[in-house]
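Here's the structure we're looking at; comments come further down.
Just so it is clear, none of the values below were taken in a lab; they were calculated from the coordinates. Bear in mind that the values here come from a model prediction, so they are computed numbers and not experimental data. Cβ coordinates were reconstructed from backbone atoms using ideal geometry, including for glycine residues, and neighbour counts include every protein chain displayed.
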Amino acid sequence: MNEQLVITGYCCIRDNAVELDSEQLYRGSEHLFSEFSTGVYRHFSVNYPKFHKMDNLSRLGFLTTEILLGKKNVSGRYEGSQTGIILMNSSSSLDTDRNHQKAISDRSDYFPSPSVFVYTLPNVVIGEICIRHKITGEGNFFVMKDFNAAFMVSYISQLFYCDIVECCLAGWTEILGNDYNSVLFLIEKRKETVEGIANFEPSVAESIFKRR
Amino acid sequence: MEELIQNLKEEIITALNLSEMKPEDIDAEAPLFVDGLGLDSIDALELTVLLEKKYGLKINTAEEGKKILHSVKSMAAFITENKKD
C-alpha cells in the first residue's frame, strides 16, 4: 500500500490577517492582538463563549484550528482518538506568565488571578482545542528557538507509521505581546498523489511557513 | 442593595471576561453556575478573589462558598452583612 503523508490544508494567522490554503480570508486593522482576535472571532461567526476567557496563546491556536478544521470536516472522518495535535513555539506561555508575574509581584497587593494562572503552561492551548474538537489522540507541545520543519515532519511521520494517528494537526503557534505567528497544517494519508495537495515534507512546510 | 447588585454585575463581567454580556443580561437571582451563566470552578475561584480584593471578605469553607456564590443577590447579601466600613 503506497500511502503517503500529505498536507491537506493549512491556516496562517499573522500580520493582522487570516489565510487558509494561500487564500486571504480576513484582514484586520486592530493594533492589539486581543482586539484583532476578537475581530477574527466575530468575522468567522464563531460561537464559543469560552473563547473570551482564553489567554492570547490559546486564542491564537483556537482560532487557527477553528478556521482550518471548520473547512475540512475532520471530525466527521476520524475518531477523536485517531487525531493528534502537535504544536511548537519559542516563547512557551511567557506572554501569560508575565501577566501572572505582574499580579504577584507586589506582596502588599497579592491577588493572583486563577483564570490567568491556569494558562501558565503552553500545552493548555492543546487542551482548549481538544475540548472544542473532541480530539483525544496524541498531544504534545514543543518549545524550540525557531520553527523546525525537519523535526516536525520526522516526529509526526513516526506517529503515522506507528499507527498512533490517522490525522494530525501540527505547526507553530507563537505569541509574545502583539507579535504573533500561527501556521497550522492538517496532515492526512493519501494513497495516490492528488493534484494541488502537497506532500508532507520539510521543504514544503518550510516554504509555507516562510511565505508572508 | 440595588446599587451593590449593579456594581457586582459589572465587576463579575470584568473579572470573568464575559465581554459579550451586559449587566442587564444577568438575572440577579439566577444561579451563577451550571444553569445561569454556566460558570466553572475557575470562575468560582475568580469570584472568591473578587470578594477578597474588592470587599476584603473571605470565604472560609466550600459549603459557605456554595451558598454565597449561588447568585449575584446572595453575593450582595453576604457583602452587605459582612462588610466593615
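Got a sec? How would A:22, A:91 order by Cβ neighbour count within 10 Å, fewest to most?
Numbers: A:22 9, A:91 17.
Ascending number of Cβ neighbours within 10 Å: A:22, A:91.
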Please compute, for peptide B:16-24, the average count of beta-carbon atoms on other protein chains lying within 10 Å of each residue's beta-carbon. 3
Be a star and scan the range B:52-85 for residues whose amide nitrogen sits under 16 Å from the point 7 Å along the Cα-to-Cβ vector of residue B:27. B:70-74
For residue B:66 and residue B:7 in one chain, what is 0.36 nm times their gap in residues minus the Cα-Cα distance, to one decimal in nm? 19.1 nm
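Taking the number of other C-beta atoms within 10 Å as the exposure measure, put A:145, A:53 in order starting with the fewest.
A:145, A:53
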Taking r as the C-beta separation of residue B:81 and residue A:75 and R0 as 35 Å, the FRET efficiency to the nearest 0.05 is 0.10
Considering only A:122, A:2, A:39, whose Cα is most displaced toward the positive end of the charge dipole of chain A, charges sitting on Cβ of Lys, Arg (+1) and Asp, Glu (-1)? A:39
Separation of the range A:157-194 and the range B:1-60 by C-alpha centroid, Å? 39 Å
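Pairs A:50/A:210; A:53/B:54; B:9/B:54; A:53/B:22; A:71/A:189; B:9/B:66: which exceed 23 Å Cα-Cα?
Numbers: A:50/A:210 32 Å; A:53/B:54 21 Å; B:9/B:54 13 Å; A:53/B:22 16 Å; A:71/A:189 18 Å; B:9/B:66 18 Å.
Over 23 Å Cα-Cα: A:50/A:210.
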Using Cβ contacts closer than 10 Å as the measure, can you line up A:20, A:57 from fewest to most? A:20, A:57
Pairwise Cα inverse-distance average, inverted: Kirkwood Rh of the range A:4-210 (Å): 17.5 Å
Show log10 I(q)/I(0) for the range A:109-212 at q = 0.11, 0.23 Å⁻¹, two decimals, from a solvent-free Debye sum over equal Cα scatterers. -0.43, -1.48
To the nearest 500 deg cm²/dmol, what mean residue ellipticity at 222 nm is calculated for the protein assembly as shown from DSSP H runs of n ≥ 4 alone, each contributing -39,500 (n - 2.57), summed and divided by the residues? -12000 deg cm²/dmol
